[in-house]
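The values are calculated or read from the model by the stated rules, or taken from the named source; none is laboratory data. All values reported here derive from a predicted model rather than from experimental measurement. A quick note on method: Cβ atoms are made from the backbone with ideal geometry, for glycine too, and the neighbour counts reach across all protein chains shown. These accessible areas exclude ligands, DNA and RNA; they are computed on the full protein's heavy atoms, side chains included. Shrake-Rupley method; radii C 1.70, N 1.55, O 1.52, S 1.80 Å.
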Amino acid sequence: MRLAREVTVDLYHARSLAERILDPHVPAEDLDLNAATVDQLSADLLPGWYDEWALLEAEHWRQLRLHALEKLAGELIEAEQFAGAVTAAHTAAQADPLRESSQVSLIRAYLAEGNLVEALDHFERYAQRLRNELGLRPTQQLRQLVAELQQSRPGGGYSH
């Protein structure tokens, strides 16, 4: 048994899109980036399946799409499409709330669009979650991203 030739598989299209986004030889303007791009990269693969082969494929897809969403957020920031950048970064951050590179993407998107309070509030929520769940602090790179904002806030903001 196999699929008919005219049947398309959304995962194949999404994987191809993610690979094109990550390909340094494909210029961003050739990608036709838009809200539908984020939608194609937002779904998990086979949620609820626990067979080893499914878990391996799901993890491979998760890593690929998170890298693509983070790069997409950066490309959209460069193009000054801030709503799309926030959406892409937020999608990545929701997919893995403890993944710092996704948090950095989201905070950069907030900063780029001028939403300083959202950037700082998001950082502080992430730092609290990281401390509560893993006993860790955000990296120096992430702390530096919001350091100026923290210093201008009464009481200095996050201090851990």
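List of remarks:
- Table column - 3J(HN,Hα) (Hz), the range 102-107, Karplus curve with 6.51, -1.76, 1.60, x for Gly and Pro: 6, 5, 4, 4, 5, 5
- The value for the chain of Rg(Cα) / (2.2 N^0.38 Å) is 1.18.
- Compared with the dominant Cα axis of the chain, that is its longest principal axis, helix 10-22 is turned about 50°.
- Across the chain, the longest piece that holds none of the GluC sites (Glu not before Pro) lying in DSSP loops with up to 12 other C-beta atoms within 10 Å covers 81-160.
- Accessible area per residue in Å² at 1.4 Å probe, computed on the chain: 61
- Ignoring the sites themselves, the chain has its longest run without chymotrypsin sites (Phe, Trp or Tyr not before Pro) in a DSSP loop having at most 14 other Cβ atoms within 10 Å at 51-160.
- Dimensionless Rg over Rh [the range 65-160; C-alpha; Kirkwood]: 0.96
- From the C-alpha gyration tensor of the range 8-89, square roots of 5λ in Å: 24, 13, 11
- Net charge of the neighbourhood of residue 134, taken over other residues with C-beta under 14 Å away and scored Lys/Arg +1, Asp/Glu -1, is +1.
- Computed from backbone phi, the HN-Hα couplings of the range 130-145 come to 4, 5, 5, 8, 10, x, 10, 10, x, 5, 4, 4, 6, 4, 5, 4 Hz, rounded to whole numbers (Karplus: 6.51 cos²θ - 1.76 cosθ + 1.60, θ = phi - 60°; Gly and Pro given as x).
- Estimated 222 nm signal from helices in the chain, with DSSP H stretches of n ≥ 4 weighted -39500 (n - 2.57), rounded to 500: -21500 deg cm²/dmol
- Kirkwood hydrodynamic radius computed over the range 8-53 comes to 12.1 Å, based on all pairs of distinct alpha carbons.
- By the Kirkwood approach, averaging reciprocal distances over each pair of separate Cα atoms, the range 45-110 gets a hydrodynamic radius of 12.2 Å.
- Residue order by solvent-accessible surface for 102, 152, 42 is 152, 42, 102, largest first, with ligands and nucleic acids left out and a 1.4 Å probe.
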